[in-house]
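Single-structure report; data block below.
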Amino acid sequence: MAKLKIRGKDLIKLGYPEGRAIGMAVNMMLKHFKRSSLKDVLEILKKILEHPDLYLDDDVLGRIAAELIEKPESENQEIPLSDESITYKIYGAQGIEPGASKQMDTAMRLPVTRKGALMPDAHQGYGLPIGGVLATENAIIPYGVGMDIGCRMALTIYDLSPGFLKRERHQLKTILKDNTKFGFNSFDKPMDDAIFERKEFKEIPFVSGLKSKAFSQIGSSGSGNHFVEFGVVEITDAENEFGLPVGEYVGILSHSGSRGFGANIARHYTKLAMEKCLLPKEAKNLAWLDLDTEAGQEYWLAMNLAGDYASACHDHIHHRLSKALGENHIAKIENHHNFAWKEKLEDGRDVVVHRKGATPAGKGVLGIIPGSMTAPGFIVRGKGNITSLNSASHGAGRLMSRTKAKNSITASELKKILKNEGVDLIGGGLDEAPIAYKNIHEVMKAQNDLVDVLGKFFPKIVRMAK
């Protein structure tokens, strides 16, 4: 017998209310009744809808019934915040806007919060500020992770001298144009990837519906501050983990995330969280899902899948460019932010650490912290500072909003800055001009206690969305 195929609209026709009950019913039926006919399954679901109280003791069907029974009004009451914010460490406080600090203060008043820290590149976002690190107990906050789930940096280093960039500049610009896609653009023939064989695409109905879009966009980059660039890598630490001699090399640095796939996951589970977790207005974007609920477990699996998808996108980007160069890389570094990890606090408590725009910096963990299209990025090794929850900044951080940046510089002024810095820009916009970002050197100085610097990356040919 063929496997069961059941959709949410089948349940809506039966009279099921839109919301969690439909998702629960579809999941349970696909998992436990996958060899039954659609007719038989719909008959069962109709009976549960008519008399949910009769099924509450059933190990499987009882979960559907529980969602259909009206909850006591007390369960939908607003969850109060703590009167006072838990004290947290702020790095580079003098360069952080009040809005970001206020958002972090609010996050530190959540009843599930256990510890937090604010990185020196912090600025205001939705829910948790960009640059915010938050440890919660048995709770995952979709907007604490962010819209671009698993956004990351990836650097490949090649055994080529900087002179190669000068000699082949025109060719390298063509290679970038031909082998990268940004924004709404994608490759006519995307490369396949093992990521699409993952069981989450089959077992989570909402994620299953995103698979075709994810396939069409793999290997491409987003818009905004996402980029792919050729540049000069300067290794300064002779004890580096790559075994590379101190000196200069050619590198490719990319920054992007999980594309529309991750954004749709973020929107869907944030909506579910807000429906279940009613918070005061100032904290509504910090709604969480308990990890011992089905929705919480679903989001956790979907988040990890989106993070791995983002990594696959970077693999495709660097594979295409390496092939076009005719070179194999001699070292690779990759790290991600906009993610949540299960970790332990110094007292042994299990927590979920959200790093929204923050780089993992556990002891010995490698990463890249970029500057801007003209400022250098830094190759770093984490020191494992527990005060920062083993975290560091994920970049220089915005100094200006996109609107303010566009109104503060002209195209001719940006062109002059790029020429003076020896940088070619393909695409990009005034909202990403270097003046829109904080001074990366000041940001790095503010986190001396968090990372060691192994080297730098100097952008030379930058490709961004138009």
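The values are calculated or read from the model by the stated rules, or taken from the named source; none is laboratory data. Small disclaimer: the values here were computed from a predicted structure and weren't measured. Cβ: placed from backbone, ideal geometry, glycine included. Neighbour counts: every protein chain shown.
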Does Leu176 qualify as being assigned to a helix (DSSP H, G or I) and under 29 Å from Ser393 (Cα atoms)? yes
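Name the residues in segment 312-348 that are assigned to a loop (DSSP other than H, G, I, E, B), surrounded by 15 or more Cβ atoms within 10 Å (Cβ to Cβ) and out of contact with any His (no Cβ under 6 Å at 6 or more places or on another chain), would you? Talk me through it step by step, then tell me what you get.
At the first step, the residues of segment 312-348 found to be assigned to a loop (DSSP other than H, G, I, E, B) are 326-330, 337-338, 345-348.
With surrounded by 15 or more Cβ atoms within 10 Å (Cβ to Cβ) added as a condition, the list becomes 327, 329, 337-338, 345.
Correct list: Glu327, His329, Asn338, Leu345.
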Inspect all residues belonging to segment 349-364 and state whether any of them is part of a loop (DSSP other than H, G, I, E, B) and closer than 16 Å to His123 by Cα. yes
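Considering only segment 80-97, state which residues are part of a loop (DSSP other than H, G, I, E, B), over 10 Å from Gly116 (Cβ atoms) and hydrophobic (A, V, I, L, M, F, W, C). Please lay out each step first, then the result.
Of the residues in segment 80-97, the ones part of a loop (DSSP other than H, G, I, E, B) are 80-88, 91-92, 96-97.
When the remaining residues are screened for being over 10 Å from Gly116 (Cβ atoms), the result is 80-84, 91-92, 96-97.
If the condition is that a residue be part of a loop (DSSP other than H, G, I, E, B), over 10 Å from Gly116 (Cβ atoms) and hydrophobic (A, V, I, L, M, F, W, C), then Leu81, Ile96 are the ones that fit.
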State the number of residues belonging to segment 217-235 that are in contact with a Ser or Thr (Cβ under 6 Å, 6 or more places away or on another chain) and not in a strand (DSSP E or B). 4
Residue under evaluation Leu389, criteria (1) surrounded by 20 or more Cβ atoms within 10 Å (Cβ to Cβ); (2) farther than 17 Å from Leu450 by Cβ; (3) touching a Lys or Arg at 6+ places or on another chain (Cβ under 7 Å); (4) of a type outside the set (Gly, Ala, Ser), criterion not met: (2)
Selection over segment 346-366 where residues are modelled with pLDDT of 95 or more, farther than 19 Å from Asp452 by Cβ and either in contact with a helix residue (DSSP H, G or I) (Cβ under 8 Å, 6 or more places away or on another chain) or not assigned by TED's automatic domain parsing to the domain that holds Ala310 (or both) yields a count of 2
Quick check: is even one residue across segment 149-158 farther than 26 Å from Val232 by Cβ, assigned to a loop (DSSP other than H, G, I, E, B) and at pLDDT below 95? no
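Yes/no matrix, rows are residues, columns are (1) loosely packed, with under 13 Cβ neighbours inside 10 Å; (2) at pLDDT 95 or above; (3) charged (D, E, K, R):
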position: Ala405; (1), (2), (3): no, no, no
position: Glu421; (1), (2), (3): no, yes, yes
position: Ile426; (1), (2), (3): no, yes, no
position: Gly429; (1), (2), (3): no, no, no
position: Lys438; (1), (2), (3): no, yes, yes
position: Glu442; (1), (2), (3): no, yes, yes
position: Leu454; (1), (2), (3): no, yes, no
position: Phe457; (1), (2), (3): no, yes, no
position: Lys460; (1), (2), (3): no, yes, yes
Take the residues of segment 45-62 that are of a type outside the set (D, E, K, R) and surrounded by fewer than 18 Cβ atoms within 10 Å (Cβ to Cβ): which is farthest from Gly209 (Cα to Cα)? Leu54
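Which one is surrounded by the fewest Cβ atoms within 10 Å (Cβ to Cβ) among residues in segment 243-278 that are among the small types (Gly, Ala, Ser) and assigned to a loop (DSSP other than H, G, I, E, B)?
Within segment 243-278, the first condition is being among the small types (Gly, Ala, Ser), and the residues that meet it are 243, 247, 251, 254, 256-258, 260, 262-263, 266, 273.
Subset that is assigned to a loop (DSSP other than H, G, I, E, B): 243, 257-258.
Values: Gly243: 8, Gly257: 28, Ser258: 31.
Here the answer is Gly243.
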